[in-house]
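K.L.:
Pasting a structure below so you can have a look.
The values are calculated or read from the model by the stated rules, or taken from the named source; none is laboratory data. The shown structure was predicted, so the numbers you read here are calculated from the model rather than taken from an experiment. FYI the Cβ positions are ideal-geometry reconstructions off the backbone, even for glycines, and counts take in every protein chain you see. Heads up: the accessible areas ignore ligands, DNA and RNA and are worked out on the full protein's heavy atoms, side chains in. Shrake-Rupley method; radii C 1.70, N 1.55, O 1.52, S 1.80 Å.
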Amino acid sequence: MRKQRLVVVGSGSTYTMGMMMSLIAEKDRFPLKEVVFYDTDEQRQERNAKATEILFKERYSELESFSYTTDKKEAFENVDFVFVQIRTGGLAMREQDEQIALRHGVVGQETCGPGGMAYGLRSIKDMIELVNDVRRFSPNAWILNYTNPAAIVAEALNREFPKDDRLLNICDMPIAIMISYAKILGIDVWDIVPEYFGLNHFGWFTKIYDKEGNDLTERLKERIIDTGFSPEDEAIANDISWQKTFDQARQMLIDFPEFLPNTYLQYYLYPEAMVEKEDPNHTRARQVIEGRQKHVHDLCERIIDKGTAREEELHVDVHGVFMVKAAESLAYNLGERFIVLVENNGVIPNLPANAMVEVPALLTSSGPKPFSVGEIPTFYKGLIEGQLAYEQQVVDAYFETSYQKLVQALTLNRTVISATKAKEIVDDLIVANEKYWPRFKK
Ligand code: G6P
Ligand code: MN
């Protein structure tokens, strides 16, 4: 098996350690020659890198080289895979996004509503620059992007790099939900064969099969409605916020029993309740800063201090394993089935061909081969068309630096609707994002 050279972009992330554990867990199936960390934040990167160095010495002796850098050439030259997980503006700007929206009585969320728009407009510029940088040094590398908001990022990258067929946007939410399905059904998550359609963070499972082809959908729905729904992946199982979110997904299924919803639909279908449950002084960003981020920082510091990771309980999380397994399938032409973002092109014939849709696809060495979904019913089509128009309008606004289009975009968003509010929120976001956004022309 040919060994791969991997660069992790945004290596200072709180997800990096879990990702490294996943690389170790998958080392026979996705053997690596070299791992390079790249981040623009030297300090954040260094902590993860020094801990990883120790971890790899103990658990990945097959690896020939591990290094970290803030130099693009050093990072991107001669690589096979680029995993991208950047967050422009960091968690500090995530908190701003959430709080500004809430101040206007609107859903304050990382990827949904005004917060998602703000974050999207920050991410686009860095992502375009990054893809150009990678392509300068490694024209054929696979770029696996899970930078958020994935829907807006995917739309922007698809316009900027329409011919780049080694660029794949993926999200771990469907698989995280499938872990809970697997637990309920008593089967392994990798034995679930899902049918799914939508946009990123805006979709539905229509069927759940096992590997033998048995249709488990109705049994699963009944079980969720009767006995509840909760997060099961290690990384989120004990998190109160995720527990509430999964519980709300059960309510969605009760209200709309046709298909099994992605958890993110809660923000669009129950916006008032989502606003009500928030404490504006302690939004999700703050919870992550005090929770996952602190946990990962402390963990890395302990590993560095002790010079060993042997005393730590380290977990492989689904986020990391999913990314690595997707990479395996691309690298070795395995043709395994993953839910990913692709250009529609008739997969869902009653949606625009240029929409970036999230659907199951076989991942091969010549790219994703999506399955045909077929026409979708009016309710879902209507919801998706509104959301898609909003996403495309955000990207139009970015490329045209049009203030008017920003206001239109938020007016299209189900979490906002009111044009008065849309304008007020846009004005606040412009001030908060001065360092990151292009200058929008009135
Ligand atoms: C899921 C989504 C990601 C999102 C993350 C937020 O994994 O797929 O797109 O960034 O949840 O989780 P957090 O714990 O940071 O709120
Ligand atoms: Mn996601």
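K.L.:
Can you give the FRET efficiency to the nearest 0.05 for Lys381 and Asp279, using r as the Cβ-Cβ distance and R₀ = 25 Å? Mind showing how you got there, number by number?
P.N.:
Working: r = 36 Å, r/R0 = 1.43.
Rounded to the nearest 0.05, the efficiency is 0.10.
K.L.:
I'd like the trypsin sites (Lys or Arg not before Pro) in segment 89-186 restricted to DSSP loop residues with at most 13 other Cβ atoms within 10 Å, sorted by number. Each step should come with its number before you reach the end.
P.N.:
Working: sites: Arg94, Arg103, Arg122, Lys125, Arg135, Arg136, Arg159, Lys163, Arg166, Lys183; in loops: Lys163, Arg166.
Passing sites in segment 89-186 are Lys163.
K.L.:
Could you check the spin-label model distance between Ser418 and Phe256? Points 7 Å from the Cα along Cα→Cβ, value in nm.
P.N.:
Modelled inter-label distance: 2.4 nm.
K.L.:
Report, please, the projected area of the chain averaged over directions, based on the convex hull of its C-alpha atoms, in nm². Numbers along the way, then the final one.
P.N.:
Values: hull surface 79.3 nm².
For the Cα atoms of the chain, the hull's average projected area reads 19.8 nm².
K.L.:
Under a 1.4 angstrom probe, counting protein chains only, how are Glu95, Glu218 ranked by accessible area, largest first? Mind dumping the intermediate values first?
P.N.:
Values: Glu95 25, Glu218 105 Å².
Most to least solvent-accessible, the answer reads Glu218, Glu95.
K.L.:
Could you give the distance between the Cα centres of segment 385-439 and segment 300-353, to the whole Å?
P.N.:
With segment 385-439 and segment 300-353 each reduced to a Cα centre, they are spaced 31 Å.
K.L.:
Please report the Cα spread of segment 140-185 along all three principal axes, rounded to whole Å, starting with the longest.
P.N.:
The Cα atoms of segment 140-185 stretch 42, 22, 13 Å along their principal axes.
K.L.:
With every protein chain kept in place and ligands, DNA and RNA left out, what is the accessible area per residue of the chain? Probe 1.4 Å, answer in Å². Working shown, then result.
P.N.:
Values: 17900 Å² over 442 residues.
About 41 Å² of surface per residue is accessible.
K.L.:
Any idea of Asp126's accessible area? Nearest 10 Å², probe 1.4 Å.
P.N.:
Roughly 50 Å² of Asp126 is accessible to a 1.4 Å probe.
K.L.:
Points 7 angstrom from Cα along the Cβ direction at Glu62 and Thr364: gap in nanometres?
P.N.:
Modelled inter-label distance: 2.7 nm.
K.L.:
Mind giving me the FRET efficiency for Glu222 and Thr70? R0 is 45 Å, r the Cβ-Cβ distance, nearest 0.05 is fine.
P.N.:
Details: r = 53 Å, r/R0 = 1.17.
Plugging the Cβ-Cβ distance into 1/(1 + (r/R0)^6) gives 0.30.
K.L.:
With a 1.4 Å probe and all protein chains in place, put Tyr196, Tyr398, Tyr15 in order of accessible area, largest first.
P.N.:
Values: Tyr196 5, Tyr398 30, Tyr15 75 Å².
Ranked list, largest accessible area first: Tyr15, Tyr398, Tyr196.
K.L.:
Sticking with this structure for a sec: Could you tell me what percent of the DSSP beta bridges with both partners in the chain are antiparallel, to the nearest 5? Could the numbers behind the result be given before it?
P.N.:
Details: 24 of 47 bridges.
Taking every DSSP beta bridge with both residues in the chain, the antiparallel ones total about 50 percent.
K.L.:
Beyond 22 Å, what share of the Cα-Cα pairs of segment 205-350 remains, rounded to the nearest whole percent?
P.N.:
Values: 6426 of 10585 pairs.
Taking all Cα-Cα pairs of segment 205-350, the fraction more than 22 Å apart is 61 percent.
K.L.:
Still on this model: Just to be sure I understand the model, the point goes 7 Å from the Cα along the line to the Cβ. What's the resulting Phe371 to Asp298 distance in nm?
P.N.:
Rounded to a tenth, the inter-label distance reads 4.3 nm.
K.L.:
Then there is this: Just to verify a number: FRET efficiency for Asp247 and Asn78, C-beta to C-beta distance, R0 = 56 Å, to 0.05? Don't skip to the end; give the middle numbers.
P.N.:
Details: r = 47 Å, r/R0 = 0.85.
For Asp247 and Asn78, the calculated efficiency is 0.75.
K.L.:
Of Lys325/Lys405; Lys27/Lys183; Lys3/Lys244; Lys183/Lys306; Lys50/Lys125, which ones are farther than 32 Å apart at the Cα? Write out the running numbers ahead of the final one.
P.N.:
Numbers: Lys325/Lys405 39 Å; Lys27/Lys183 26 Å; Lys3/Lys244 42 Å; Lys183/Lys306 36 Å; Lys50/Lys125 29 Å.
Over 32 Å Cα-Cα: Lys325/Lys405; Lys3/Lys244; Lys183/Lys306.
K.L.:
Separate question: Round to a whole number: what % of the accessible area of the chain belongs to carbon and sulfur, probe 1.4 Å?
P.N.:
Numbers: 8300 of 17900 Å².
Of all accessible area on the chain, carbon and sulfur atoms account for 46 percent.
K.L.:
Taking a virtual spin label 7 Å from the Cα of Asp41 along the C-beta vector, which residues in segment 294-312 bring their backbone nitrogen under 16 Å of it?
P.N.:
It comes to 294-301, nothing else.
K.L.:
Compute the Kirkwood hydrodynamic radius of segment 191-240, taking the inverse of the mean of 1/r over all pairs of distinct Cα atoms, and give it in Å to one decimal. Please list the in-between numbers first.
P.N.:
Values: mean 1/r = 0.0794 Å⁻¹.
By the Kirkwood definition, the hydrodynamic radius is 12.6 Å.
K.L.:
What does the charge count around Phe259 come to, taking other residues whose C-beta lies under 13 Å from its C-beta (Lys +1, Arg +1, Asp -1, Glu -1)? Let's see the in-between values first.
P.N.:
Details: positive: Lys207, Lys221, Lys381; negative: Glu195, Glu218, Asp255, Glu258.
Taking every Cβ under 13 Å from that of Phe259, the sum is -1.
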